[in-house]
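J.: Supplied in structure tokens, the structure appears directly below.
The values are calculated or read from the model by the stated rules, or taken from the named source; none is laboratory data. A quick note: this is a predicted structure, and the numbers were derived from the prediction, not measured. Here the Cβ is made from the backbone with ideal geometry for all residues, glycine too, and neighbour counts use every protein chain on show. Remember, those area values only see protein heavy atoms, side chains included, never the ligands or the DNA or RNA. Shrake-Rupley method; radii C 1.70, N 1.55, O 1.52, S 1.80 Å.
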Amino acid sequence: MLILSLDIYGNPNEWVTVQDAVTKQAKNQVAWSLGDNIFTLHGGKSRLTGEISELSTPSIIAVRSESKSKYINRVPTLTNRALFRRDRNICAYCGKHFGVDDLTREHIIPRCQQGKDIWTNVVAACVKCNQRKDGRTPEQANMQLLYVPYVPSNAEHLILMNRNILHDQMEFLMQFVPKHSRLFVS
Ligand SMILES: [Zn+2]
């Protein structure tokens, strides 16, 4: 389970572990917090009182030390996992749904024609469509793209990275996801 860390202005920054979040609380770095869920870590037994120490953190925390500019315009790292999740595991050419093992990173303008390995030039494609398209552009191959690739925002990337997002964290992050996102495609 991960805690959503925001900057002091409420912009989503990153996922941190419960341990990290509790440490930030202890260091007085948490300016404010949100979220319906509270996580508690049980520490050691106090020698004086015999009580077990407990440290808690809410599911969303705003951290004082984070600067605003660090993450807000960050381009997320392009990985197959994040790409396939951006594209909802749907092949951009045949429109069918596939498992991760049957998908490939397809370069719209192919590498052999100087196409770049960037978010806006790649889509998820099934092995069959990728092989059929080969080293050609969609126009050259006469294969139509079913959707337009885009760079995920940091908030969207945080959603794509974490499979165990809590309801309150998801609700918070969705406010930052642009309307063109494929996350809104059901
Ligand atoms: Zn396909």
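J.: Calculate the spin-label point distance for Glu51 paired with Leu78, positioning each point 7 Å from the Cα along the beta-carbon direction, and give it in nanometres.
T.: About 5.5 nm, to one decimal.
J.: Taking springs between alpha-carbon atoms closer than 10 angstrom, which of Leu145, Leu160, Leu48 fluctuates most in the Gaussian network model of the chain?
T.: Greatest mean-square fluctuation among the candidates belongs to Leu48.
J.: Of all accessible surface on the range 49-186 at a 1.4 Å probe, what whole percent is carbon and sulfur?
T.: Answer for the range 49-186 is 52 percent, counting heavy atoms of protein chains only.
J.: For the chain, place one equal point scatterer on every Cα, skip the solvent, and apply the Debye formula. What is log10 of I(q)/I(0) at q = 0.08, 0.15, 0.16 Å⁻¹?
T.: Relative scattering, expressed as log10 I(q)/I(0), comes to -0.36, -0.89, -0.96.
J.: Specify which residue in the list Phe98, Asn154, Ile109 is farthest towards the positive end of the charge dipole of the range 87-186, using unit charges on the beta carbon of Lys, Arg (+1) and Asp, Glu (-1), about the Cα centre.
T.: Ile109
J.: While we're on this one: Just to confirm, what accessible area per residue do you get for the chain at 1.4 Å probe, in whole Å²? Numbers along the way, then the final one.
T.: On the way: 10640 Å² over 186 residues.
For the chain, the per-residue accessible area is 57 Å².
J.: GluC sites (Glu not before Pro) within the range 66-145: which are DSSP loop residues with at most 10 other Cβ atoms inside 10 Å?
T.: When the GluC sites (Glu not before Pro) of the range 66-145 are filtered for loop state and at most 10 Cβ neighbours within 10 Å, nothing remains.
J.: Compute, for the chain, the length of the dipole vector about the Cα centre, with Cβ point charges of +1 (Lys, Arg) and -1 (Asp, Glu) only. Units Debye, rounded to 20.
T.: Charge dipole, the chain, about its Cα centre: 480 debye, nearest 20.
J.: Here's a follow-up. Just to be sure I understand: with springs between alpha-carbon atoms less than 10 Å apart, which residue in Arg47, Arg163, Arg105 has the highest mean-square fluctuation in the Gaussian network model of the chain?
T.: Checking each option, the largest mean-square fluctuation is seen for Arg47.
J.: Pick from His42, His167, His97: which residue has the top mean-square fluctuation in a GNM of the chain where Cα pairs under 10 Å get a spring?
T.: His42
J.: Between rounded, prolate and oblate, where does the range 131-186 land on the alpha carbon gyration tensor, with a ≥ b ≥ c its root eigenvalues, rounded for a/c under 1.5, else prolate if a/b exceeds b/c? Before the final figure, lay out each step's value.
T.: Values: a/c = 3.47, a/b = 2.75, b/c = 1.26.
Because a/c hits 1.5 or more and a/b exceeds b/c, the range 131-186 counts as prolate.
J.: Something else about it: Straight distance only, please: which aspartates and glutamates reach the Cα of Lys24 with their own Cα at less than 15 Å, same-chain residues fewer than 8 apart left out?
T.: Excluding near neighbours in sequence, the set is Asp7, Glu14, Glu54, Glu66.
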